[in-house]
1. Would you mind estimating how fast the stretch 114-162 diffuses translationally, via Stokes-Einstein at 20 °C and 1.002 mPa s with the Kirkwood radius over Cα pairs, in µm²/s?
2. Take the Cα coordinates of the chain, assign each an equal point scatterer, and use the Debye formula without solvent to give log10 I(q)/I(0) at q = 0.12, 0.17 Å⁻¹.
3. At 1.4 Å probe radius, can you tell me the per residue accessible area of the chain in Å²?
4. Which value in deg cm²/dmol, rounded to the nearest 500, describes the helix-derived mean residue ellipticity at 222 nm for the chain, given -39,500 (n - 2.57) per DSSP H run of n ≥ 4 and division by the residue count?
5. Calculate what fraction, in whole %, of the accessible area of the stretch 43-188 sits on carbon and sulfur atoms when a 1.4 Å probe is rolled over the protein chains.
Amino acid sequence: MSGPDLGASQNGGFCPRSGPILFSVPIIALFAAITSGSLTFLDYVHVITGGMWTGIDLFMGIFGRTVMTKISPMSRVEVAKRLTPTMLFLMPSIAAVATAAGYVLANKIGLWNLSSPYITATIIVVLILLVQGFGILLPNELRVFREIRKERPDTDKIVKLSLRNLNVSGSQAIFQVIIIYIMANLTI
């Protein structure tokens with residue numbers, strides 16, 4: 001079922017002005033940390049991007065889902081219209097940077113040992129997170145993005161995909177808490 005015309009976007013395009021910055025700053029920070037040779041800087045990049053990734057997923061999976069299920073379908077679409085473009089830029093970047101920085105950091109400090117059960121558990125959890133993120137969340141966000149840009153978007157489709165992503169975000173938050181537990185035990 002198609003809803004009323006939602007319009008293009010508030011700024012004429014559908015790319016938030018901050019989109020390229022949201023995408024590139026974590027990547028630039030990762031390259032700067034690696035090239036600087038500073039373990040502290042690399043650790044900071046890993047912790048801050050991992051914390052952002054976990055925090056956003058916790059917020060979206062718990063509070064975002066709760067709010068979205070209690071508001072009208074048109075309000076859900078309005079939230080998705082504003083949230084989707086930003087999430088498309090930010091989440092893939094921080095997820096990839098947190099993962100890459102963690103791998104580089106583990107290698108540099110000598111923790112990367114494939115015979116370690118903690119490393120094996122980390123690999124399994126990271127693979128689950130990456131499959132969910134790049135296999136479910138990102139494609140759904142792209143579907144929402146394309147739908148919102150249509151002259152007459154299908155509001156039911158937008159709501160369905162957005163709620164699915166909020167559920168997956170909640171699942172991601174659980175796996176991220178697990179990986180934090182694993183990392184805490186790995187470094188003790």
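1. Approximately 169 µm²/s, per Stokes-Einstein.
2. The calculated log intensity ratios at q = 0.12, 0.17 Å⁻¹ are -0.62, -1.07.
3. Working: 10010 Å² over 188 residues.
On a per-residue basis, 53 Å².
4. Working: 7 runs with 141 residues, N = 188.
That calculation yields -26000 deg cm²/dmol at 222 nm.
5. The C+S portion of the solvent-accessible surface of the stretch 43-188 is 69 percent.
The values are calculated or read from the model by the stated rules, or taken from the named source; none is laboratory data. What you are looking at is a predicted structure, and each value in this text was computed from that prediction instead of being measured. Ligands, DNA and RNA are excluded from the accessible area calculation, which covers all protein heavy atoms including side chains. Shrake-Rupley method; radii C 1.70, N 1.55, O 1.52, S 1.80 Å.
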